[in-house]
Amino acid sequence: MSVQKESKLDFCRVKKIFDKGFGFLNSLYTNEPVFFHFNNIKNEEAKEKLNKMKRGAIILYFTSIMFKGKRRVYKVWLDLKEIPNDLIPDFINTIFLELNYGMYNIYDLAFALNELNNNGYIDNHQFKNILERDRVIKNPYVIKSILTEDQLAKFENFETLCDELSNNKIRKEDFDKKIIDTLFPTD
């Protein structure tokens, strides 16, 4: 039996689980799908939630291992709060890289960043880093999906600010400064 070390934290929007309780998940780290089975979920409440899910309604966080030449889910979490803190920094860095060069759905990445943001993992330096990412620069409207409700409430009209950037009525540097100053005011 060939088992390798557990991978870094990954995530995926679950599209379908077959009747026999298995499916395949996309990965931030590999182009090959990752095998998943309900047996990977130990929490009965989480299993029930997945059983009743609507297509695309659930995001799973997971680690995986290589087993007999195939990648398969090793541990799975439905809630970011349950994930060991030591897995979070590399996960954030991987999402940042994906925001520059990746093909992963940008709104799924924004969902993960929103959860990280809601749980206090995104500080002003990391938010600046998000604003500098190529795919965010091309689509500044995605930032709204990363903001918490409280953060979004600090802006009069976030879409108008994005419109101003898209229509070259505000410079990118001024746009970034307005966001950072609004979200992280200095005393």
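General observations
- Karplus-derived 3J(HN,Hα), 6.51/-1.76/1.60, for each residue of the range 84-95, Hz, glycine and proline x: x, 4, 5, 8, 6, x, 5, 4, 4, 4, 5, 5
- Rounded to 0.05, the FRET efficiency of the Y107 and E132 pair, given R0 = 25 Å and the Cβ-Cβ distance, is 0.85.
- Net charge, R72 excluded, C-beta distance under 13 Å - Lys, Arg +1, Asp, Glu -1: +1
- Net length available on complete extension from N119 to K68 is 14.7 nm, with 0.36 nm assigned per residue and the Cα-Cα distance removed.
- Inter-site label distance for D90 and Y29 at 7 Å from Cα along Cβ, in nm: 0.6 nm
- Extended-chain gain in nm, criterion 0.36 nm per residue less alpha-carbon gap, R171 and E45: 40.6 nm
- Residue-wise HN-Hα couplings along the range 148-161, as the Karplus relation 6.51 cos²θ - 1.76 cosθ + 1.60 with θ = phi - 60° gives them from phi, are 6, 4, 4, 5, 4, 5, 6, 9, 4, 8, 5, 4, 4, 4 Hz; Gly and Pro carry x.
Quick note: the coordinates plus some simple rules give every number you see, no bench work behind them. What you see is a predicted model, and the numbers here were worked out from it, not measured in a lab. Because the Cβ atoms are built from the backbone with ideal geometry, glycine has one as well, and the counts that use them run over all protein chains shown.
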